[in-house]
1. State the extension gain, in nm to one decimal, for the chain segment bounded by residue B:209 and residue B:240, taking 0.36 nm per residue of separation less the distance between their alpha-carbons.
2. At a 10 angstrom cut-off on C-beta neighbours, averaged per residue, how do the peptides A:8-14, A:70-76 rank from highest to lowest?
3. Evaluate E = 1/(1 + (r/R0)^6) for residue B:134 and residue B:188, where r is the Cβ-Cβ distance and R0 equals 22 Å; express this FRET efficiency to the nearest 0.05.
4. So if I take the alpha carbon set of chain A, get Rg, then get Rh from the Kirkwood formula, what is the Rg over Rh ratio?
5. For the range B:39-110 and the range A:75-129, what is the centre-to-centre distance using only Cα atoms, to the nearest Å?
6. Only bridges whose two residues both fall in chain A count here: according to DSSP, what percent of them are antiparallel, nearest 5?
7. Could I have the simple spin-label model distance between residue B:381 and residue A:60, label points 7 Å from Cα toward Cβ, reported in nm to one decimal?
8. Along the Cα→Cβ direction, 7 angstrom out, place labels at residue B:156 and residue A:137. What is the inter-label distance in nm?
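No lab work stands behind these numbers, since they all come straight from the coordinates. What you are looking at is a predicted structure, and each value in this text was computed from that prediction instead of being measured. Cβ placement follows ideal geometry from the backbone for every residue including glycine, while neighbour counts extend to all protein chains displayed.
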């Protein structure tokens, strides 16, 4: 188990570890994230499968940035979660994993979490002057007409269109 | 839309800017590539994506688990069955649910049919883009049969929504198995025909060999999966590596290439179609009558005749529609081998009716992010071949 090897190498690094339905998860503090990435890379976790984030609106720190790694030799998988607060930056992994480039741009676009050292951190899916970060929990499902909001400040349906109500 | 990042700002004066897209015959969807040219040669390619962004992940946070299934059809619309299967596999992993044998086998059959359909489109369109029209026509005849089979089973050709959490929407009709059996032979012959037209065709060689070659190390670093990774020489296939849906019971091979260029990707896809036919043949042999959805009314809707005649079934129906499935609190990442590569769903559940967060890991997003590297220093014509062989599906790319 990779979690045991991490514990043996860096005692006390993991804030939390758990397994659920066969998925191993490690939670590491932001400051020591790169140490763990170095170690994982040496251990053979060289395929960064996915990178995304989860917004826990009322929690402090507010976001979890979630990385999924796969060891292609042993087919072992690991999920690493790094809690980050509003406005805090994470070190970019682009220099080591090229695939992180667009993923980090997407997380910046959708959640507004900056990545330090990213060569060109700009929005990926939304356009450059789009207001806000859509996947935040306090961003309404009906964002109004995005082409009009800047002029009028109102939503075309008065905020009435929500699937939750 | 002009902004600070438009490449005109970095021009040295000699380069010409060409926009491929957002609406261009080779983009097959809506995406834009800004090419900076010196003569015919590409100096830089800047992909701009997001034209088909529907906010699927945001919508998913506001829909129930069942209601998300139709949105998965619209991810990779060339192989919607595989998205249906991939999504419900993730939810079933979260629920720790085991589905009936017949449902499992039918899921394998429709997934493999969808894989063949996707590869047919990819190769056919790639050939058309390069200028070989005939192969496309031969192949699309087969895709028509695949769509007939989908229509027969789900009522829809393209947006199938065939799966349900715990099984399938309904059983396939009796005509399905004979037509599928006939299709196996016809498709095999069509793949042979296609290979006769392309594999030893000198023009096809000129246009595809050496274009977009990539080493395994680089491909892994860029997050490649599926045929594009296997063409580079790594036999990574989730059906073998981390078997799901009982794929470990089937006898099939994983084709690999050596260089990862457009030609190798074509060969890998062609052989994968044959292997998929093998899997379907075995699955059809093992198909036995039985239920196609779990007999648990806390997860799957009771049959309609029961709902109309029995009190408990009516209550179950009502509870399931209004309150949804009782989900455990937790998070899962589940990946399946889709036609383009690893299709992953990451679901965070807080026990509510809707997922707290649902993330789709589209296989072609990391692949497309390496486009600049692949076409730098090459001709525009190579960019056309490369884009087709990457099999970029904008619906999946932008979500």
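1. Using 0.36 nm per residue and subtracting the Cα-Cα distance, I get 8.3 nm.
2. Final packing ranking: A:70-76, A:8-14.
3. My answer for the efficiency is 0.75.
4. My calculation puts Rg/Rh at 1.04.
5. Between the Cα centre of the range B:39-110 and that of the range A:75-129, the gap is 22 Å.
6. Given both bridge residues lie in chain A, the antiparallel proportion sits at roughly 80 percent.
7. In this crude spin-label approximation the distance works out to 6.4 nm.
8. The two pseudo-label positions are separated by 3.1 nm.
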